[in-house]
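Since the structure comes first, as C-alpha coordinates, the remarks are kept for the end.
The values are calculated or read from the model by the stated rules, or taken from the named source; none is laboratory data. Just so you know, these numbers come straight off a predicted model, no measurement behind them. FYI the Cβ positions are ideal-geometry reconstructions off the backbone, even for glycines, and counts take in every protein chain you see. Just so you know, the surface numbers come from the protein's heavy atoms only, side chains and all, with ligands and any DNA or RNA stripped out. Shrake-Rupley method; radii C 1.70, N 1.55, O 1.52, S 1.80 Å.
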Amino acid sequence: MANSVVSELNNSEVFRMACRQFDQAADAINLPEAIRDRTKYPRRRQAVSLPIRRDDGRIHVFEGYRVQHSLSTGPSKGGIRFHESVTIGEVAALAMWMSWKCSLVGLPYGGAKGGIVVNPRTLSLRELESLSRRYMQEMINILGPQVDIAAPDVGTNEQVMAWMMDTYSNHVGHVEPAIVTGKPLSLGGSQGRREATGVGVAYLIKKYLADMKIPITQATVAIQGFGNVGSETAVAMVGYGAKVIAVSDYTGAVYNPAGIDIPKALAYVQYNKVLTDFEGAEPITNEQLLELPCTVLVPAALERVVNADNAPKLKCRLLAEAANGPTTNEADKVIEARGDIELIPDVLCNSGGVIVSYFEWLQNLQQYYWDRDEVITKLFTILDRAKAAVDAQKEKFQFNRRLAALTLGISRVAEAKQKRGLFP
Ligand code: GLU
(Lines give C-alpha, C1' and ligand atoms only; values in the text may rest on other atoms or scores of the structure.)
Protein backbone atom coordinates (compact mmCIF):
# COMPACT_ATOMS: atom_id res chain seq x y z
CA MET A 1 0.00 0.00 0.00
CA ALA A 2 1.29 3.48 -0.86
CA ASN A 3 3.04 5.00 2.14
CA SER A 4 1.27 8.33 1.83
CA VAL A 5 -2.15 6.67 2.16
CA VAL A 6 -1.11 4.60 5.13
CA SER A 7 0.48 7.53 6.95
CA GLU A 8 -2.56 9.76 6.39
CA LEU A 9 -4.90 7.17 7.86
CA ASN A 10 -2.40 6.16 10.53
CA ASN A 11 -2.63 9.63 12.06
CA SER A 12 -5.78 8.29 13.66
CA GLU A 13 -5.46 6.18 16.81
CA VAL A 14 -8.82 4.60 15.92
CA PHE A 15 -7.49 3.51 12.51
CA ARG A 16 -4.36 2.03 14.08
CA MET A 17 -6.59 0.17 16.53
CA ALA A 18 -8.75 -1.31 13.73
CA CYS A 19 -5.54 -2.33 11.91
CA ARG A 20 -4.14 -4.06 14.99
CA GLN A 21 -7.41 -6.00 15.28
CA PHE A 22 -7.13 -6.94 11.60
CA ASP A 23 -3.48 -8.02 11.90
CA GLN A 24 -4.25 -10.17 14.89
CA ALA A 25 -7.17 -11.87 13.15
CA ALA A 26 -5.20 -12.28 9.90
CA ASP A 27 -2.36 -13.94 11.85
CA ALA A 28 -4.81 -16.20 13.68
CA ILE A 29 -6.21 -17.60 10.42
CA ASN A 30 -2.90 -17.47 8.51
CA LEU A 31 -4.34 -15.15 5.89
CA PRO A 32 -1.95 -15.26 2.92
CA GLU A 33 0.27 -12.16 2.66
CA ALA A 34 -0.82 -11.64 -0.94
CA ILE A 35 -4.40 -10.92 0.07
CA ARG A 36 -3.77 -8.96 3.28
CA ASP A 37 -3.29 -5.39 2.07
CA ARG A 38 -6.16 -5.70 -0.37
CA THR A 39 -8.46 -6.86 2.39
CA LYS A 40 -7.21 -4.43 5.02
CA TYR A 41 -7.02 -1.01 3.37
CA PRO A 42 -9.98 0.95 1.98
CA ARG A 43 -10.86 0.55 -1.68
CA ARG A 44 -11.86 4.16 -2.21
CA ARG A 45 -11.96 7.36 -0.18
CA GLN A 46 -13.14 10.84 -0.98
CA ALA A 47 -12.62 14.09 0.94
CA VAL A 48 -14.73 17.11 0.06
CA SER A 49 -15.11 20.76 1.05
CA LEU A 50 -18.64 21.70 2.00
CA PRO A 51 -19.33 25.43 1.87
CA ILE A 52 -22.65 26.54 3.35
CA ARG A 53 -24.14 29.95 4.12
CA ARG A 54 -24.57 30.46 7.85
CA ASP A 55 -27.64 32.24 9.21
CA ASP A 56 -25.56 35.38 9.83
CA GLY A 57 -24.68 35.57 6.12
CA ARG A 58 -21.08 34.33 6.38
CA ILE A 59 -19.86 31.36 4.33
CA HIS A 60 -18.36 28.51 6.32
CA VAL A 61 -16.52 25.59 4.71
CA PHE A 62 -16.86 22.23 6.46
CA GLU A 63 -14.88 19.11 5.66
CA GLY A 64 -16.56 15.81 4.71
CA TYR A 65 -15.39 12.27 3.99
CA ARG A 66 -16.68 9.01 2.56
CA VAL A 67 -14.60 5.86 2.77
CA GLN A 68 -15.63 2.68 0.95
CA HIS A 69 -13.68 -0.12 2.48
CA SER A 70 -14.82 -3.03 0.32
CA LEU A 71 -16.84 -3.26 -2.89
CA SER A 72 -16.17 -6.91 -3.61
CA THR A 73 -19.39 -8.55 -2.41
CA GLY A 74 -21.99 -5.92 -3.29
CA PRO A 75 -22.57 -2.23 -2.77
CA SER A 76 -20.85 -0.73 0.26
CA LYS A 77 -22.99 0.24 3.23
CA GLY A 78 -22.57 2.43 6.27
CA GLY A 79 -23.65 5.48 8.18
CA ILE A 80 -22.67 9.15 8.09
CA ARG A 81 -21.38 10.73 11.28
CA PHE A 82 -21.63 14.43 12.16
CA HIS A 83 -19.15 15.05 14.98
CA GLU A 84 -16.41 17.54 15.69
CA SER A 85 -13.77 14.85 16.24
CA VAL A 86 -14.29 13.10 12.86
CA THR A 87 -11.09 12.42 10.87
CA ILE A 88 -10.53 10.47 7.67
CA GLY A 89 -8.64 7.83 9.63
CA GLU A 90 -11.54 7.37 12.04
CA VAL A 91 -13.99 7.10 9.11
CA ALA A 92 -11.70 4.53 7.47
CA ALA A 93 -11.65 2.46 10.67
CA LEU A 94 -15.43 2.62 10.97
CA ALA A 95 -15.74 1.59 7.29
CA MET A 96 -13.47 -1.38 7.93
CA TRP A 97 -15.62 -2.51 10.87
CA MET A 98 -18.72 -2.21 8.65
CA SER A 99 -17.10 -4.68 6.22
CA TRP A 100 -16.48 -7.26 8.94
CA LYS A 101 -19.96 -6.66 10.41
CA CYS A 102 -21.86 -7.08 7.12
CA SER A 103 -19.78 -10.11 6.25
CA LEU A 104 -20.23 -11.72 9.68
CA VAL A 105 -24.04 -11.47 9.62
CA GLY A 106 -24.23 -12.45 5.95
CA LEU A 107 -25.38 -9.24 4.26
CA PRO A 108 -24.48 -8.76 0.57
CA TYR A 109 -22.57 -5.55 1.31
CA GLY A 110 -19.07 -4.25 1.74
CA GLY A 111 -18.41 -1.67 4.45
CA ALA A 112 -18.37 2.12 4.15
CA LYS A 113 -18.63 5.13 6.43
CA GLY A 114 -18.94 8.87 6.03
CA GLY A 115 -18.48 11.87 8.22
CA ILE A 116 -18.47 15.64 8.50
CA VAL A 117 -16.27 17.51 10.98
CA VAL A 118 -19.02 19.46 12.71
CA ASN A 119 -20.85 19.67 16.00
CA PRO A 120 -24.44 19.54 14.70
CA ARG A 121 -25.71 21.17 17.91
CA THR A 122 -24.07 24.41 16.80
CA LEU A 123 -26.13 24.53 13.56
CA SER A 124 -29.65 25.85 13.04
CA LEU A 125 -32.10 23.52 11.31
CA ARG A 126 -31.63 25.43 8.05
CA GLU A 127 -27.84 25.19 8.29
CA LEU A 128 -28.08 21.46 9.07
CA GLU A 129 -30.25 20.98 5.97
CA SER A 130 -27.78 22.92 3.77
CA LEU A 131 -24.86 20.88 5.05
CA SER A 132 -26.64 17.52 4.63
CA ARG A 133 -27.71 18.36 1.07
CA ARG A 134 -24.27 19.67 0.17
CA TYR A 135 -22.65 16.49 1.45
CA MET A 136 -24.92 14.33 -0.72
CA GLN A 137 -24.34 16.59 -3.72
CA GLU A 138 -20.53 16.37 -3.36
CA MET A 139 -20.59 12.57 -2.90
CA ILE A 140 -23.12 11.80 -5.64
CA ASN A 141 -20.40 10.52 -7.99
CA ILE A 142 -19.53 7.65 -5.64
CA LEU A 143 -22.97 6.86 -4.14
CA GLY A 144 -25.91 4.91 -5.54
CA PRO A 145 -28.41 2.17 -4.59
CA GLN A 146 -26.12 -0.41 -6.26
CA VAL A 147 -22.84 1.33 -5.36
CA ASP A 148 -22.85 2.69 -1.82
CA ILE A 149 -25.84 3.22 0.48
CA ALA A 150 -25.71 5.67 3.40
CA ALA A 151 -27.47 5.58 6.78
CA PRO A 152 -27.54 7.46 10.09
CA ASP A 153 -24.69 7.30 12.60
CA VAL A 154 -23.66 9.49 15.57
CA GLY A 155 -25.11 13.00 15.09
CA THR A 156 -27.42 12.20 12.15
CA ASN A 157 -31.05 11.07 12.09
CA GLU A 158 -34.12 10.38 9.93
CA GLN A 159 -34.47 14.03 8.93
CA VAL A 160 -30.88 14.19 7.65
CA MET A 161 -31.51 11.00 5.66
CA ALA A 162 -34.71 12.53 4.21
CA TRP A 163 -32.79 15.61 2.96
CA MET A 164 -30.08 13.41 1.45
CA MET A 165 -32.65 11.18 -0.25
CA ASP A 166 -34.41 14.26 -1.63
CA THR A 167 -31.15 15.73 -2.96
CA TYR A 168 -30.23 12.46 -4.69
CA SER A 169 -33.77 12.00 -6.08
CA ASN A 170 -33.73 15.51 -7.52
CA HIS A 171 -30.38 14.77 -9.14
CA VAL A 172 -31.49 11.56 -10.88
CA GLY A 173 -34.97 12.89 -11.70
CA HIS A 174 -37.06 10.26 -9.94
CA VAL A 175 -37.74 9.16 -6.38
CA GLU A 176 -34.91 6.90 -5.23
CA PRO A 177 -35.55 5.73 -1.65
CA ALA A 178 -32.89 2.97 -1.82
CA ILE A 179 -30.03 5.53 -1.79
CA VAL A 180 -30.13 5.84 2.02
CA THR A 181 -31.61 3.80 4.87
CA GLY A 182 -32.88 5.00 8.22
CA LYS A 183 -35.41 7.24 6.46
CA PRO A 184 -38.73 8.39 7.92
CA LEU A 185 -41.54 5.85 7.36
CA SER A 186 -43.33 8.30 5.08
CA LEU A 187 -40.38 8.23 2.65
CA GLY A 188 -39.91 4.48 2.48
CA GLY A 189 -38.27 3.89 5.85
CA SER A 190 -38.70 0.45 7.41
CA GLN A 191 -40.82 -0.48 10.36
CA GLY A 192 -38.46 -1.13 13.26
CA ARG A 193 -35.38 0.60 11.77
CA ARG A 194 -35.24 3.47 14.27
CA GLU A 195 -35.00 1.10 17.25
CA ALA A 196 -33.26 -1.77 15.42
CA THR A 197 -29.74 -1.33 16.81
CA GLY A 198 -30.93 -1.10 20.43
CA VAL A 199 -33.44 -3.93 20.00
CA GLY A 200 -30.66 -6.13 18.58
CA VAL A 201 -28.24 -5.20 21.38
CA ALA A 202 -30.84 -6.04 24.05
CA TYR A 203 -31.77 -9.32 22.30
CA LEU A 204 -28.15 -10.47 22.28
CA ILE A 205 -27.69 -9.42 25.92
CA LYS A 206 -30.74 -11.53 26.78
CA LYS A 207 -29.28 -14.52 24.92
CA TYR A 208 -25.83 -14.22 26.53
CA LEU A 209 -27.28 -13.74 30.03
CA ALA A 210 -29.26 -16.95 29.47
CA ASP A 211 -26.01 -18.72 28.48
CA MET A 212 -24.41 -17.35 31.65
CA LYS A 213 -27.40 -18.59 33.69
CA ILE A 214 -28.17 -15.07 34.97
CA PRO A 215 -31.91 -14.30 35.14
CA ILE A 216 -32.50 -11.12 33.14
CA THR A 217 -34.97 -9.86 35.75
CA GLN A 218 -32.09 -9.76 38.24
CA ALA A 219 -29.72 -7.98 35.85
CA THR A 220 -28.58 -4.40 36.39
CA VAL A 221 -27.50 -2.39 33.35
CA ALA A 222 -25.28 0.70 32.97
CA ILE A 223 -25.43 2.43 29.59
CA GLN A 224 -22.83 4.94 28.44
CA GLY A 225 -24.53 7.11 25.81
CA PHE A 226 -28.21 8.02 25.59
CA GLY A 227 -28.57 8.74 21.88
CA ASN A 228 -30.56 6.55 19.51
CA VAL A 229 -28.70 3.32 20.33
CA GLY A 230 -28.28 3.79 24.10
CA SER A 231 -31.85 4.92 24.70
CA GLU A 232 -33.43 2.15 22.58
CA THR A 233 -31.24 -0.42 24.34
CA ALA A 234 -32.47 0.96 27.68
CA VAL A 235 -36.12 0.71 26.60
CA ALA A 236 -35.70 -2.85 25.35
CA MET A 237 -33.79 -3.96 28.48
CA VAL A 238 -36.55 -2.56 30.71
CA GLY A 239 -39.02 -4.41 28.47
CA TYR A 240 -37.19 -7.66 29.30
CA GLY A 241 -37.50 -6.88 33.02
CA ALA A 242 -33.89 -5.73 33.67
CA LYS A 243 -33.05 -2.69 35.79
CA VAL A 244 -31.21 0.19 34.11
CA ILE A 245 -29.24 1.78 36.96
CA ALA A 246 -27.19 4.38 35.07
CA VAL A 247 -27.22 6.26 31.78
CA SER A 248 -25.04 9.06 30.46
CA ASP A 249 -24.65 11.62 27.68
CA TYR A 250 -21.86 14.02 26.76
CA THR A 251 -22.71 16.25 29.76
CA GLY A 252 -22.33 13.51 32.40
CA ALA A 253 -24.08 10.50 33.89
CA VAL A 254 -26.94 9.79 36.28
CA TYR A 255 -27.24 6.85 38.65
CA ASN A 256 -30.07 5.29 40.66
CA PRO A 257 -29.42 1.86 42.21
CA ALA A 258 -33.20 1.31 42.45
CA GLY A 259 -33.53 1.71 38.66
CA ILE A 260 -33.98 4.76 36.45
CA ASP A 261 -37.44 5.52 35.09
CA ILE A 262 -36.44 5.31 31.41
CA PRO A 263 -39.63 6.78 29.85
CA LYS A 264 -39.24 9.74 32.24
CA ALA A 265 -35.55 10.16 31.34
CA LEU A 266 -36.43 10.04 27.62
CA ALA A 267 -39.14 12.67 28.03
CA TYR A 268 -36.69 14.81 30.03
CA VAL A 269 -34.01 14.59 27.32
CA GLN A 270 -36.50 15.29 24.56
CA TYR A 271 -37.46 18.52 26.31
CA ASN A 272 -34.11 19.60 27.81
CA LYS A 273 -31.78 18.04 25.18
CA VAL A 274 -29.39 16.84 27.94
CA LEU A 275 -29.56 14.64 31.04
CA THR A 276 -28.13 17.37 33.32
CA ASP A 277 -30.28 17.91 36.45
CA PHE A 278 -32.55 14.96 35.67
CA GLU A 279 -34.41 14.23 38.91
CA GLY A 280 -34.85 10.66 40.01
CA ALA A 281 -31.16 9.81 39.86
CA GLU A 282 -27.95 11.25 41.29
CA PRO A 283 -25.27 12.81 39.09
CA ILE A 284 -22.03 10.85 38.60
CA THR A 285 -19.25 11.16 36.03
CA ASN A 286 -19.00 9.15 32.81
CA GLU A 287 -15.89 7.51 34.24
CA GLN A 288 -17.76 6.45 37.39
CA LEU A 289 -20.51 4.96 35.24
CA LEU A 290 -18.05 2.72 33.43
CA GLU A 291 -16.74 1.39 36.74
CA LEU A 292 -20.10 0.81 38.45
CA PRO A 293 -20.86 -2.64 39.82
CA CYS A 294 -23.48 -3.95 37.38
CA THR A 295 -24.40 -7.08 35.44
CA VAL A 296 -24.15 -5.52 31.99
CA LEU A 297 -22.09 -2.54 30.84
CA VAL A 298 -23.15 -1.08 27.50
CA PRO A 299 -20.84 1.48 25.88
CA ALA A 300 -23.18 3.07 23.31
CA ALA A 301 -21.35 6.20 22.18
CA LEU A 302 -17.87 6.70 20.73
CA GLU A 303 -14.67 4.69 20.33
CA ARG A 304 -12.00 3.88 22.89
CA VAL A 305 -13.88 4.53 26.14
CA VAL A 306 -12.83 1.23 27.70
CA ASN A 307 -9.06 1.54 27.94
CA ALA A 308 -6.00 0.26 29.82
CA ASP A 309 -6.77 2.55 32.79
CA ASN A 310 -10.35 1.54 33.46
CA ALA A 311 -10.39 -2.06 32.12
CA PRO A 312 -8.87 -3.44 35.36
CA LYS A 313 -11.59 -1.60 37.33
CA LEU A 314 -14.66 -2.75 35.38
CA LYS A 315 -17.20 -4.46 37.64
CA CYS A 316 -19.60 -5.87 35.04
CA ARG A 317 -20.15 -9.52 34.09
CA LEU A 318 -21.02 -8.80 30.47
CA LEU A 319 -19.62 -6.04 28.23
CA ALA A 320 -22.02 -5.40 25.35
CA GLU A 321 -20.42 -3.20 22.68
CA ALA A 322 -23.32 -1.20 21.26
CA ALA A 323 -20.85 1.43 19.97
CA ASN A 324 -18.28 0.72 17.26
CA GLY A 325 -14.77 0.24 18.64
CA PRO A 326 -15.43 1.15 22.28
CA THR A 327 -12.62 -1.08 23.63
CA THR A 328 -8.94 -0.40 22.95
CA ASN A 329 -6.50 -3.18 22.05
CA GLU A 330 -4.83 -2.76 25.47
CA ALA A 331 -8.19 -3.08 27.26
CA ASP A 332 -8.93 -6.24 25.23
CA LYS A 333 -5.78 -7.79 26.66
CA VAL A 334 -6.73 -6.83 30.21
CA ILE A 335 -10.25 -8.24 29.80
CA GLU A 336 -8.92 -11.48 28.34
CA ALA A 337 -6.39 -11.86 31.17
CA ARG A 338 -9.06 -11.17 33.81
CA GLY A 339 -11.28 -13.90 32.39
CA ASP A 340 -14.32 -12.84 34.42
CA ILE A 341 -16.08 -10.67 31.80
CA GLU A 342 -17.99 -12.00 28.79
CA LEU A 343 -17.76 -9.77 25.72
CA ILE A 344 -20.27 -9.24 22.91
CA PRO A 345 -18.00 -7.65 20.27
CA ASP A 346 -19.27 -4.60 18.37
CA VAL A 347 -19.48 -6.25 14.94
CA LEU A 348 -22.00 -8.71 16.36
CA CYS A 349 -23.55 -6.64 19.15
CA ASN A 350 -24.70 -3.59 17.15
CA SER A 351 -25.36 -5.36 13.84
CA GLY A 352 -29.14 -5.04 14.26
CA GLY A 353 -28.96 -1.52 12.78
CA VAL A 354 -27.41 -2.50 9.48
CA ILE A 355 -29.46 -5.72 9.30
CA VAL A 356 -32.71 -3.73 9.35
CA SER A 357 -31.09 -1.20 6.97
CA TYR A 358 -30.68 -4.14 4.60
CA PHE A 359 -34.38 -4.97 5.03
CA GLU A 360 -35.23 -1.32 4.34
CA TRP A 361 -33.15 -1.36 1.13
CA LEU A 362 -34.82 -4.62 0.02
CA GLN A 363 -38.27 -3.15 0.65
CA ASN A 364 -37.33 -0.01 -1.32
CA LEU A 365 -36.02 -2.01 -4.28
CA GLN A 366 -39.14 -4.19 -4.35
CA GLN A 367 -41.60 -1.46 -3.38
CA TYR A 368 -43.17 -4.05 -1.11
CA TYR A 369 -43.38 -3.21 2.58
CA TRP A 370 -43.30 -5.51 5.60
CA ASP A 371 -44.95 -5.10 8.99
CA ARG A 372 -42.92 -4.68 12.18
CA ASP A 373 -43.36 -8.29 13.33
CA GLU A 374 -41.88 -9.58 10.10
CA VAL A 375 -38.91 -7.20 10.41
CA ILE A 376 -38.17 -8.11 14.03
CA THR A 377 -38.64 -11.86 13.50
CA LYS A 378 -36.23 -11.82 10.56
CA LEU A 379 -33.78 -9.65 12.55
CA PHE A 380 -33.73 -12.15 15.43
CA THR A 381 -33.24 -15.07 13.03
CA ILE A 382 -30.11 -13.44 11.59
CA LEU A 383 -28.80 -12.50 15.05
CA ASP A 384 -29.31 -16.06 16.31
CA ARG A 385 -27.41 -17.45 13.32
CA ALA A 386 -24.54 -14.98 13.73
CA LYS A 387 -24.29 -15.57 17.48
CA ALA A 388 -24.18 -19.34 16.95
CA ALA A 389 -21.47 -18.97 14.30
CA VAL A 390 -19.34 -16.73 16.54
CA ASP A 391 -19.67 -19.01 19.55
CA ALA A 392 -18.85 -22.09 17.44
CA GLN A 393 -15.75 -20.36 16.04
CA LYS A 394 -14.73 -19.38 19.59
CA GLU A 395 -15.00 -22.98 20.79
CA LYS A 396 -13.38 -24.54 17.74
CA PHE A 397 -10.22 -22.41 17.80
CA GLN A 398 -10.24 -21.36 21.46
CA PHE A 399 -10.35 -17.71 20.40
CA ASN A 400 -11.80 -14.93 22.50
CA ARG A 401 -15.17 -13.76 21.19
CA ARG A 402 -13.81 -10.68 19.39
CA LEU A 403 -11.24 -12.74 17.55
CA ALA A 404 -13.92 -15.30 16.69
CA ALA A 405 -16.20 -12.63 15.20
CA LEU A 406 -13.40 -10.84 13.34
CA THR A 407 -11.87 -13.98 11.86
CA LEU A 408 -15.28 -15.01 10.49
CA GLY A 409 -15.97 -11.55 9.05
CA ILE A 410 -12.49 -11.05 7.61
CA SER A 411 -12.10 -14.53 6.12
CA ARG A 412 -15.32 -14.20 4.11
CA VAL A 413 -14.27 -10.82 2.66
CA ALA A 414 -10.78 -12.15 1.86
CA GLU A 415 -12.20 -15.26 0.23
CA ALA A 416 -14.51 -13.21 -1.98
CA LYS A 417 -11.56 -11.07 -3.09
CA GLN A 418 -9.43 -14.10 -3.76
CA LYS A 419 -12.16 -15.87 -5.77
CA ARG A 420 -12.86 -12.79 -7.87
CA GLY A 421 -9.15 -12.45 -8.65
CA LEU A 422 -7.55 -9.34 -10.08
CA PHE A 423 -8.93 -7.40 -13.03
CA PRO A 424 -7.51 -7.01 -15.63
N1 GLU B 1 -24.21 3.47 11.53
C2 GLU B 1 -24.71 2.18 11.84
C3 GLU B 1 -23.58 1.21 12.12
O4 GLU B 1 -22.52 1.61 12.51
C5 GLU B 1 -25.71 1.67 10.81
C6 GLU B 1 -25.18 1.52 9.41
C7 GLU B 1 -26.25 1.20 8.40
O8 GLU B 1 -27.38 0.99 8.78
O9 GLU B 1 -25.90 1.17 7.22
O10 GLU B 1 -23.72 0.02 12.04
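A few comments on the model shown:
- Accessible area (Å², per residue) of region 1-111, counting only protein heavy atoms and a probe of 1.4 Å: 38
- Working from label points 7 Å from Cα in the Cα-to-Cβ sense, the Ser186 to Ser49 distance is 3.7 nm.
- Antiparallel content of DSSP bridges confined to the chain, in %, to 5: 45
- Loop-exposed GluC sites (Glu not before Pro) per DSSP, neighbour cap 14 Cβ within 10 angstrom, longest uninterrupted part of the chain: 85-278
- Taking 0.36 nm per residue of separation and subtracting the Cα-Cα distance, full extension of the segment from Val274 to Tyr369 would add 30.7 nm.
- Sequence-distant contacts, meaning Cα pairs under 8 Å at least 6 residues apart, place the relative contact order of the chain at 17 percent.
- Summing charges over all other residues whose Cβ lies under 14 Å from the Cβ of Thr217, with Lys and Arg as +1 and Asp and Glu as -1, gives +3.
- Estimated inter-spin distance, Arg20 and Ala337, nm [label 7 Å along Cα→Cβ]: 1.3
- Across the chain, the longest piece that holds none of the trypsin sites (Lys or Arg not before Pro) lying in DSSP loops with up to 11 other C-beta atoms within 10 Å covers 59-212.
- Based on protein heavy atoms only, region 383-424 ends up with 57 Å² per residue of surface accessible to a 1.4 Å probe.
- The chymotrypsin sites (Phe, Trp or Tyr not before Pro) of region 248-338 that DSSP puts in a loop, and whose beta carbon has at most 14 other beta carbons within 10 Å, are Tyr250.
- Accessible area (Å², per residue) of region 157-233, counting only protein heavy atoms and a probe of 1.4 Å: 36
- Gained length - Thr377 relative to Tyr240, 0.36 nm times residue gap less alpha-carbon distance: 47.7 nm
- Candidates Ser190, Ser103, Ser85, ranked by Gaussian network fluctuation over the chain, Cα under 10 Å, top entry: Ser85
- With a threshold of 30 Å on the Cα-Cα distance, the over-threshold entries among Lys101/Lys206; Lys313/Lys378; Lys206/Lys313; Lys333/Lys387 are Lys313/Lys378.
- Placing pseudo-labels 7 Å out from each Cα toward the beta carbon at Ser85 and Asn400 gives an inter-label distance of 2.1 nm.
- A Förster distance of 35 Å, applied to the separation of the beta-carbon atoms of Glu282 and Arg121, puts the FRET efficiency at 0.85.
- Nonpolar atom fraction for region 156-231, defined as the carbon and sulfur part of the 1.4 Å probe accessible area, stands at 49 percent.
- From the alpha carbon centroid of region 73-137 to that of region 13-40 is 22 Å.
- For Lys419, a cut-off of 18 angstrom between C-alpha atoms picks up these aspartates and glutamates, skipping any fewer than 8 places away in its own chain: Glu33, Asp37.
- Euclidean distance of C-alpha centroids, region 220-243 and region 319-366, integer Å: 15
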